[in-house]
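The values are calculated or read from the model by the stated rules, or taken from the named source; none is laboratory data. Here the structure is a predicted model, which is why all the values come from computation and not from measurement. Backbone-built Cβ (ideal geometry, glycine too); neighbour counts: all protein chains shown.
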Ligand SMILES: C[S@@+](CC[C@H](N)C(=O)[O-])C[C@H]1O[C@@H](n2cnc3c(N)ncnc32)[C@H](O)[C@@H]1O
């Protein structure tokens, strides 16, 4: 961690940081100070793309979550320097955040850019985008919310396409199905740049949360 990142964490965490402790249910309107739609980004890395997207769309709030402390400091610094009031930085596991701290239908979107690919077969179960994860995410996303994934690992892209297409809570935003053309609003991420240098092919996926209710085996947090 650089001195700048450490300084940002110390100065800015009390105002813009969120400890993902699973101990309370969040009021996102209170947290952001407005009722604008909230998009969850899981695994923002160093946060450059997050900051760019926040600056380009100030009427959308971004709850950006990662476990990587230098990246949290970096994103806080970028948000501070660029005066981005629509970013909050979470430290911890996004699954706990979704399951324990977010209410049903509270999210207007979900972004997962270049999640850890876990290329070895015995590690595939660690991949984030799986049917169980989608069951949980579907409960926290409001109708019409967009799930946007991107990866440079083609077997994982195929898995994402397969599980998202099969899930009753989502429909492909591409009328003809398949991968989406890279949307202009998604900046190049750090991890993506590394993948492209290795000659990897990048795939984007855009899926929409459909209207009907999905039951999840975990009880949604009620705040009670
Ligand atoms: C391969 S990096 C990609 C970072 C960034 N999106 C990019 O494209 O440069 C994946 C990130 O996801 C984070 N991550 C993985 N699982 C997570 C989880 N359950 N909750 C929060 N962050 C997670 C990792 O710490 C890592 O920073």
Could you name every one of the helices (runs of 4 or more DSSP H) located completely within the stretch 97-210 that has at least 1 residues being within 15 Å of the ligand (Cβ to nearest atom) and within 30 Å of residue 31 (Cα to Cα)? 131-140, 190-197
Do we have residue 74 as over 16 Å from the mean Cα position of the chain (by Cα), within 12 Å of the ligand (Cβ to nearest atom), surrounded by 15 or more Cβ atoms within 10 Å (Cβ to Cβ) and at pLDDT 95 or above here? yes
Set 105, 33, 83: member being farther than 25 Å from residue 133 by Cβ, without any contact (Cβ under 8 Å) to a residue 40 or more places away in the chain, surrounded by fewer than 20 Cβ atoms within 10 Å (Cβ to Cβ) and over 13 Å from the mean Cα position of the chain (by Cα): 83
Please verify whether residue 22 is within 16 Å of the ligand (Cβ to nearest atom), surrounded by fewer than 20 Cβ atoms within 10 Å (Cβ to Cβ), within 15 Å of the chain's Cα centre (by Cα) and at positive phi, treating the condition exactly as stated. no
Residues located in the stretch 176-195, provided they are under 25 Å from residue 105 (Cβ atoms) and out of contact with any strand residue (DSSP E or B) (no Cβ under 7 Å at 6 or more places or on another chain): 185
Matching residues in the stretch 48-70 - criterion: being in contact (Cβ under 8 Å) with a residue 40 or more places away in the chain, within 11 Å of the ligand (Cβ to nearest atom) and closer than 16 Å to residue 188 by Cβ: 48, 49
